[in-house]
Amino acid sequence: RELRESAKYPPTSGKYRVYIIDEVHMLTKEAFNALLKTLEEPAPYIIFILATTDPHKIPPTIISRTQRFDFKRISINDIISQLTMILNSEKINYEEQCLKLIALKADGGMRDALSVLDQIIAYNAAKIEIDTVMSVLGLVNSSVFQNLLESILSGKQKDVLDILEKTISSGVAITDLISGFNDFVRNSLVYLSTKQNHYHLDDIAIQWLDSHKNVLEPMDLLRILESTIKFEVSVKKLQHPGIGLETHFLKLTAMDSTVKISELLSGNAVN
């Protein structure tokens, strides 16, 4: 209501008075109703910019009185370029791989990338290093996921439990471990299926996938991914998430390998 009242007055400088309402979907029904009259008959010098990530939550009466512009996610390379420009202008040293990790974590959002960058600079303004970035982002080295996936597919339950215990003991949150594992399996599945590195796997991961492509069956990875995605949703509700984590990954080691129809027809499938 205060905004509506102030909108009655012309700008003291410039041609327009511009109001930017971020996360506008969080407004109450009453607030939208109070704003509706102003949007119906706006003064010629008033511009409202309503920003939201959930346009479906905006009342139709509001949407019908606005122009809609959908913004695409910013590419990883563009985010890296912007971060590079900022760090160079601030004379902050950095490792190239760090910027790629930040860009991947931002998932197309420059604001998120800059927020993460601010946090990392707060740790060490002299130089941005890979260990600091991984710590701030809660990331796990890809070699951990490689060993974990290989142990699952080989049915080595002791190795799986040892990897989980060592990783969690190092300070990695269970949710970050599961999320990172899902990302790695998804990225590996895409690479094995398309032979293209769409999700910026590091060189070590690519070499590992190429050397294990004969034993990594895409359908097995797909089943592992589907199962772990379901577990990721439920783990936050568990009273003892550590027990749930161990139980889930032990179940994965006991999962039978996918049998191809061609193998069944040829009689080469193992019962």
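The values are calculated or read from the model by the stated rules, or taken from the named source; none is laboratory data. In this text the structure is predicted, and so the values were computed from the model without any measurement. Note: accessible area is taken over every heavy atom of the protein model, side chains too, but ligands, DNA and RNA are not part of it. Shrake-Rupley method; radii C 1.70, N 1.55, O 1.52, S 1.80 Å.
Might you tell me the accessible area per residue for the chain, computed with a 1.4 Å probe and given in Å²?
Values: 17320 Å² over 271 residues.
With the other protein chains kept in place, the chain gives 64 Å² per residue.
Can I get the semi-axes of the stretch 1-121's equivalent ellipsoid? Compute them from the C-alpha gyration tensor as square roots of 5 times the eigenvalues, in angstrom, largest first. Walk me through the intermediate numbers first.
Numbers: eigenvalues 272, 63, 28 Å².
Working from the Cα gyration tensor, I get semi-axes of 37, 18, 12 Å.
How big is the C-alpha Rg of the stretch 41-189 next to the rule-of-thumb value 2.2 N^0.38 Å, as a ratio?
Details: Rg = 20.9 Å, N = 149, 2.2 N^0.38 = 14.7 Å.
Dividing the Cα radius of gyration by 2.2 N^0.38 Å gives 1.42.
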Item checked: Reported label for calculated volume of the Cα convex hull per residue in Å³ given [x] 155; [y] 208; [z] 129 -> [y]
Next item on the list: Enumerate the amide H contacts of Arg17 below 5 Å, restricted to partners 5 or more residues apart or on another chain; note that Pro and chain-start residues carry no placed amide H.
Entry: Ile46, Ile47
Notebook entry, point to check: Restricting attention to the alpha-carbon atoms of the stretch 1-64, what are Rg (one decimal) and Dmax (integer), both in Å?
Noted result: 12.0, 35
Notebook entry, point to check: Per the 1.4 Å probe, what fraction of the accessible area of the stretch 129-205, in percent, lies on carbon and sulfur atoms?
Noted result: 47
Check: In terms of modelled amide H atoms, which long-range or inter-chain residues lie less than 5 Å from the amide H of Tyr94?
Finding: Ile128
Notebook entry, point to check: Of Lys105/Lys251; Lys213/Lys236; Lys156/Lys195; Lys8/Lys37, which pairs sit farther than 24 Å apart, going by alpha carbon to alpha carbon?
Noted result: Lys105/Lys251; Lys213/Lys236; Lys156/Lys195
Note to self: As a test of the formula, what do you get for the chain when each DSSP H run with n ≥ 4 contributes -39,500 (n - 2.57) and the sum is divided by the residue count, at 222 nm and rounded to the nearest 500 deg cm²/dmol?
What the structure shows: -18000 deg cm²/dmol
